[in-house]
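Report on one structure; see the data block that follows.
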Amino acid sequence: MARTRTALFSVLALLAGLLSLQLGGPAPRATAAPAAFTHPGVLVSRAQLDYARSKVRAGQQPWKAAYDDMMGSSYASLSRTPRPRAVVECGSSSNPNHGCTEERQDAIAAYTDALAWYFTRDSRYAKKSIEIMDAWSSTITDHTNSNAPLQSGWSGATWPRAAEIIRYTYDGGWPGAGRFATMLRNVYLPEVINGAATKNGNWELVMTEAAIGISVFLDDRSSYDKAVGTYLDRVPAYVYLTADGDLPKPPADSGIDTESEIIKYWQGQSTFADGLAQETCRDFGHTGWGIASIADIAETSRIQGQDLYPKIQDRLRYALGFHTAYENGAAVPSWLCGGSVKKGLDQVTEVGFNALHNRLGISMSNTQKYTEAHRPSGTDNYFNAWTTLTHADNPS
């Protein structure tokens with residue numbers, strides 16, 4: 001059976017390739033970028049911010065607790081001193097770590113201060129956010145070593161969130177906004193825009209999230225379209241649905257095209273079920289990062305008026321439900337990861353849960369139980385931050 005599936009898989013791939021040549025190459029994707037970008041429009045919109053702010057001002061939960069958590073964190077400290085580096089060097093598992101932690105955390109601090117500005121209207125927070133962004137845009141020139149693309153994805157996913165809020169809601173001015181845009185275009189975008197097809201999926205997904213956010217801030221329709229194309233190829237290769245057939249879809253342009261290679265890529269898992277992810281049998285932490293970026297990108301696309309949720313909602317729904325079931329205590333079957341999983345999904349479910357359950361009305365009992373039990377979500381110190389505050393039960 002295995003040899004038969006492999007042979008069939010190879011024949012179908014060959015036929016697809018011949019058909020592509022016959023027709024002059026693959027059909028181009030439809031344009032995804034809006035005619036004009038919405039600002040602020042990376043992960044959070046003005047309407048979402050206004051809704052959350054109204055809840056905080058009224059003292060309602062869970063928003064007030066989430067706000068207090070954010071404002072009590074070191075990321076909101078007005079005495080914070082940014083720690084930029086000209087060259088950020090990050091090896092595997094951030095070893096060596098020359099500026100990797102500092103860059104990620106300063107990006108989160110800039111975003112935290114931007115949110116604090118919007119919620120309080122205290123200009124000191126806007127100025128602190130600007131100070132951090134200006135420090136990095138005047139200093140950094142490159143990312144190096146093996147984790148350079150991933151590091152650029154983590155930080156590059158966060159910087160545009162901060163920049164969008166400050167540039168489009170703070171009336172005190174930001175003279176360095178142009179230089180910051182140049183930094184995003186020259187230092188970050190080249191590292192993330194071409195994806196990472198042969199890496200574990202959380203790499204390419206967060207890199208694509210960074211590319212999407214940067215494209216919005218730069219009003220760059222071409223880069224936005226390219227990033228959306230990468231996303232629509234990667235999501236089906238990251239989350240399995242039974243409609244895919246006996247085997248998961250391989251990443252585009254990866255060369256992973258046989259049954260044995262696909263199973264190896266899926267951490268040795270050979271039995272597949274709705275919602276299983278490419279990194280499930282690695283650990284739920286890395287899987288959670290991938291799921292978070294899937295939701296974050298769809299959320300930004302929705303704000304931009306080119307809603308990608310309809311294209312990925314089934315995979316996101318099942319991925320959330322599959323993993324939260326085990327986080328909630330379901331017994332792990334023997335066919336899954338040898339009967340043992342490494343839990344630790346972390347606080348990555350708010351954006352997807354709000355979009356699918358609250359806006360679209362999809363029943364998601366496992367995800368709801370997990371999400372509500374882990375409120376308020378804080379930050380993972382990489383790129384996820386304060387999503388209970390910004391997205392919990394947010395209809396906007």
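Key figures for this structure:
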item	result
Viscosity 1.002 mPa s, temperature 20 °C, Stokes-Einstein D of region 37-138 from Kirkwood C-alpha radius, µm²/s	144
For the chain, built as a Gaussian network whose Cα springs stay under 10 Å, the top-fluctuating residue of VAL192, VAL42, VAL88	VAL88
Choice from TYR75, TYR168, TYR67 with maximal GNM fluctuation in the chain (Cα, 10 Å cutoff)	TYR168
Cβ-based net charge around ALA52, under 12 Å, with every Lys or Arg adding one and every Asp or Glu removing one	+2
Max mean-square fluctuation residue, GNM over the chain, Cα-Cα springs under 10 Å, options GLY290, GLY172, GLY229	GLY172
29 Å Cα-Cα threshold exceeded, pairs from LYS264/LYS311; LYS342/LYS369; LYS128/LYS311	LYS128/LYS311
Angle between the chain longest axis and helix 100-120 axis [Cα atoms, degrees, rounded to 10]	60
Principal axis dimensions, largest first and in whole angstrom, of region 260-396 by Cα	43, 30, 30
Within-11-Å neighbourhood charge of ARG359 [Cβ basis; K, R +1; D, E -1]	-2
Charge context of ASN202, other residues only, Cβ under 11 angstrom, K/R +1, D/E -1	-1
Helix-only mean residue ellipticity at 222 nm for the chain, each DSSP H run of n ≥ 4 adding -39500 (n - 2.57), per residue, nearest 500	-17000 deg cm²/dmol
Ranked list, fewest to most other Cβ atoms within 10 Å of each Cβ, for MET71, MET183, MET133	MET71, MET183, MET133
Spin-label pair ALA86/ARG57, simplified geometry with 7 Å Cα→Cβ offset, distance in nm	4.7
Globularity index of the chain, i.e. its alpha-carbon radius of gyration over 2.2 N^0.38 Å	0.97
Region 206-271 and region 109-131: distance between their alpha carbon centers, rounded to Å	35
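Taken together, the values in this text are just the output of simple stated rules run on the coordinates, not laboratory data. Please read these numbers as outputs of a predicted model, since none were measured by experiment. When we count neighbours, we look across all protein chains shown, and the Cβ atoms used for this are built from the backbone with ideal geometry, even at glycine.
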